[in-house]
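The values are calculated or read from the model by the stated rules, or taken from the named source; none is laboratory data. These numbers come from a predicted model, not from an experiment. Quick reminder, even Gly has a Cβ in these numbers, built from the backbone with ideal geometry, and neighbours come from all protein chains shown.
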Amino acid sequence: MTDTSETPSKEDQKNSPKESSRFKKIRGNHKFRIGLIVFLMAIVVIMFIFWQKARIALVIVFITLLAALGLEVSQNDWDLGKLWETGSFQESKIARDEAGNVLYDMFGNITTDSSVGKKADEYNCSDFETQPAAQAFFEKVGGVGNDVNRLDGDKDGEACESLPKN
């Protein structure tokens, strides 16, 4: 008898990037983040009314969510990993566009430098020198399930097929 629970099936491997890409797409949306914070604050208020034994903890959670809402409304955000590395708020500030959306660099990473980043859907094949570079970006920002850039015109999973392979 073989155990197949440890190795994901081909179907699981196909669905996993789609789920991840949906999350990445909404994670970068300013309006979604504000809505989520307000929704969580409402849940905490309801819990505060009915769950008297946890009121102190709920007040702490509410204050934390209020701080998160303030940061989101003011469109300020910091990369905590970079903040820990550099100790500088200036260097760790995450850049956003005018709509509050997160910016990405050429490698698909969230960037703190607005001179090297733009919204994920603003990248085109002409922004990349090689197909592997475009493929790496394509996969990092969501792949086939989130091809807002239309880097994969025929939806076969290979981005910018016309670019040189090396």
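Here is how the numbers come out for the structure above:
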| read-out | value |
| --- | --- |
| Flag for GLU91 being in contact with a Phe, Trp or Tyr (Cβ under 9 Å, 6 or more places away or on another chain), at pLDDT 75 or above and farther than 26 Å from VAL38 by Cα | no |
| Residues of region 139-166 that turn out to be at pLDDT below 80, of a type outside the set (D, E, K, R) and surrounded by fewer than 19 Cβ atoms within 10 Å (Cβ to Cβ), as a count | 5 |
